[in-house]
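None of the figures in this text is laboratory data; all of them are computed from the coordinates on show. It should be emphasised that the depicted structure is a prediction, and the values quoted were computed from it without experimental measurement. Counting neighbours? That spans all protein chains shown, and the Cβs are built from the backbone with ideal geometry, glycine included.
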Amino acid sequence: MSVSVVIADDQEMVRTGFRLILDGQDDISVIGQASDGLEAVETVRQLKPDVCLMDIRMPKLDGLEATKRLRQGQGAAASGTKIVIVTTFDLDEYVYGALRAGASGFVVKNSGPRLLVEAVHAAVNGDSLISPSVTVRLLEHLSRPSRAETAVAAARRLTPQELKVVTLVARGRTNNEIAEQMVLSLSTIKSHLSRVQDKLPARNRVEIAAWAWEHGIVS
């Protein structure tokens with residue numbers, strides 16, 4: 001079954017490049033494009049794609065607000081669409097806001113074709129793709145411990161193994177790397193992450209990492 005995608009970016013060259021990459025995949029089909037935030041919201045609501053690649057800085061409505069509208073009350077008609085943020089390094093603060101608004105990860109524009117395709121597949125499978133190195137850079141730069149809970153109190157919400165998994169996620173490790181480091185199977189790591197999401201609660205590994213940084217679990 002083909003994964004349907006809408007590309008929202010104000011640069012025609014970017015949209016064209018992304019479309020060439022994605023349409024070159026046997027299981028991905030680009031069904032629409034948008035050149036500004038308002039058009040992105042309207043196009044996603046109308047076409048209901050599986051995934052929307054959303055730029056941050058666009059005319060009329062930025063990608064952060066567009067993501068909020070599509071993932072919250074104003075976007076009930078598009079609630080099934082996964083949103084992947086497309087950004088550049090100097091826009092970290094906007095990426096963080098979009099992820100907290102419900103986006104399913106992000107890719108950097110110059111990451112290359114493979115990561116773009118993987119981000120689409122991850123989103124449609126209910127996961128989130130975010131480069132490990134960027135995870136750490138983003139959260140270190142932006143997180144300010146809320147201290148609504150102390151680190152000790154927050155840690156008590158998880159088992160020792162769950163806490164170790166969370167710590168490694170916050171440090172940018174992939175599931176395979178965590179499994180190798182903890183000498184556990186990949187399925188066990190995924191089970192830990194699923195329980196952690198229920199306990200916190202968190203919608204994806206990005207929010208798990210954000211929680212760990214915000215509560216001083218890692219620093």
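Relative contact order of the range 1-70, taken over Cα pairs closer than 8 Å and 6 or more residues apart, is 38 percent. Extension gain, S191 to S29: 0.36 nm times the residue separation minus the Cα-Cα distance gives 55.2 nm.
For K68, a cut-off of 23 angstrom between C-alpha atoms picks up these lysines, skipping any fewer than 8 places away in its own chain: K48, K60, K82, K109. Model label points for E12 and L47, set 7 angstrom from Cα along the Cα-to-Cβ axis, are 1.7 nm apart.
Taking 1.306 mPa s as the viscosity and 10 °C as the temperature, the Stokes-Einstein diffusion coefficient of the range 24-69 based on its alpha-carbon Kirkwood radius rounds to 144 µm²/s. In this label model, D198 and E177 are separated by 2.8 nm, measuring between points 7 Å along each Cα→Cβ vector. The eigenvalues of the Cα gyration tensor, multiplied by 5 and square-rooted, give the range 149-219 an equivalent ellipsoid with semi-axes of 18, 12, 11 Å from largest to smallest. The packing ranking of peptides 59-71, 188-200, highest mean first, is 59-71, 188-200, where packing means the average number of other beta carbon atoms within 10 angstrom of each residue. The simple Förster model, with R0 at 25 Å and r as the Cβ-Cβ distance, assigns H121 and L38 a FRET efficiency of 0.35. Computed from backbone phi with θ = phi - 60° and the Karplus coefficients 6.51, -1.76 and 1.60, the 3J(HN,Hα) list for the range 6-16 is 10, 10, 10, 7, 7, 9, 4, 5, 5, 4, 5 Hz; x is used for glycine and proline.
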